[in-house]
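Structure first, commentary second.
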Amino acid sequence: MDEYLNPTYYIESDNEKIITFAREACKDLETDMEKAIALYYSVRDGIRYNPYSIEAAKESMKATVILERGYGYCVAKAIVLISLARSRKIPARLGLADVRNHLNTKRLEELMGTDLFVDHGYVEFFLEDKWVKATPAFNLQLCQNFNVKPLEFDGKTDSIFHEFDIKGNRHMEYVKDYGPFADLPWDRMVKRAKQTYPNYFENLERFSKNFAKEALQENQ
């Protein structure tokens with residue numbers, strides 16, 4: 001399990017800021033499952049989801065950078081959660097998958113040129129002798145703006161599908177799962193993102209758009 005417990009350049013589980021955040025989130029909790037659940041919700045709702053925050057810069061994906069700015073896209077939030085878990089000695093790793101019908105707005109889809117999201121990120125915890133999936137990407141307010149039920153996590157069952165919205169209409173679909181990674185596969189991800197979304201990187205005005213506001217306006 002060492003590779004799922006050790007710090008890396010991105011997964012800064014030995015950084016004091018990460019350790020302190022995790023300690024506070026897990027205060028008075030005893031079991032790994034209780035701690036994993038608490039960390040999940042602290043990242044899900046404590047760090048806003050923002051798909052306009054993707055940068056082709058390695059340092060932008062360091063856990064402390066994401067934690068300090070308070071927002072990030074799905075993989076960025078997963079990196080923070082993995083870092084927090086490892087700081088509490090809970091084995092954790094990154095999962096990547098291509099998905100369709102991801103939480104999206106018309107402007108973002110136009111910028112991306114497709115409804116396929118490559119390398120959507122989630123987390124796997126090792127709890128009670130098995131790996132359990134959790135997706136901390138979409139914070140509660142954002143889900144409410146999209147009329148989608150937020151993903152809950154009980155530490156026992158996989159939590160990865162926004163399969164239906166609150167009206168029962170089909171929503172997210174996993175197209176291909178690439179399995180677990182002990183660390184962020186940076187070069188692979190950047191290459192795939194630039195190949196799939198060339199218009200995004202050429203035209204995006206970084207950090208200037210409010211994704212949650214867009215979602216609310218489109219789904220009122």
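Bear in mind these aren't lab numbers, they're just calculated from the coordinates by the rules spelled out. Just so we're clear, the structure is a prediction, and the values are computed from it rather than from any experiment. Every residue, glycine among them, receives a Cβ derived from its backbone with ideal geometry; neighbour counts consider all protein chains shown.
Numbers for the structure displayed
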| item | result |
| --- | --- |
| Shape call, the chain: gyration tensor on alpha carbons, a/c limit 1.5 | prolate |
| Cα lying deepest toward the dipole's positive end in the chain, options SER87, SER13, SER42, charges on Cβ | SER42 |
| Principal-axis tilt of helix 186-196 within the chain, Cα atoms, nearest 10 degrees | 20 |
| Ordering of 5-14, 175-184 by packing [mean C-beta count within 10 Å, highest first] | 5-14, 175-184 |
| Residue-averaged 222 nm ellipticity for the chain, from DSSP H runs of 4+ at -39500 (n - 2.57), nearest 500 | -11500 deg cm²/dmol |
| Relative packing of 21-28, 63-70, which averages over residues the other C-beta atoms within 10 Å, highest first | 63-70, 21-28 |
| Computed label-point distance, nm, for sites ASP28 and LYS176 using a 7 Å Cα→Cβ extension | 4.8 |
| Relative contact order of the stretch 1-93, defined on C-alpha pairs under 8 angstrom at six or more residues apart (%) | 43 |
| Computed magnitude of the charge dipole of the stretch 1-149 (debye, nearest 20; Cβ of K, R +1, Cβ of D, E -1) | 340 |
| For the chain, built as a Gaussian network whose Cα springs stay under 10 Å, the top-fluctuating residue of ARG188, ARG44, ARG88 | ARG188 |
| Length-normalised contact order of the chain in % [C-alpha pairs under 8 Å, at least 6 apart] | 24 |
| Residues GLN144 and ASN6, FRET efficiency given R0 of 30 Å [Cβ-Cβ distance, rounded to 0.05] | 0.20 |
| Distance violations [Cα-Cα > 27 Å] among LYS58/LYS149; LYS27/LYS77; LYS27/LYS176; LYS35/LYS194; LYS130/LYS213 | LYS58/LYS149; LYS27/LYS176; LYS35/LYS194; LYS130/LYS213 |
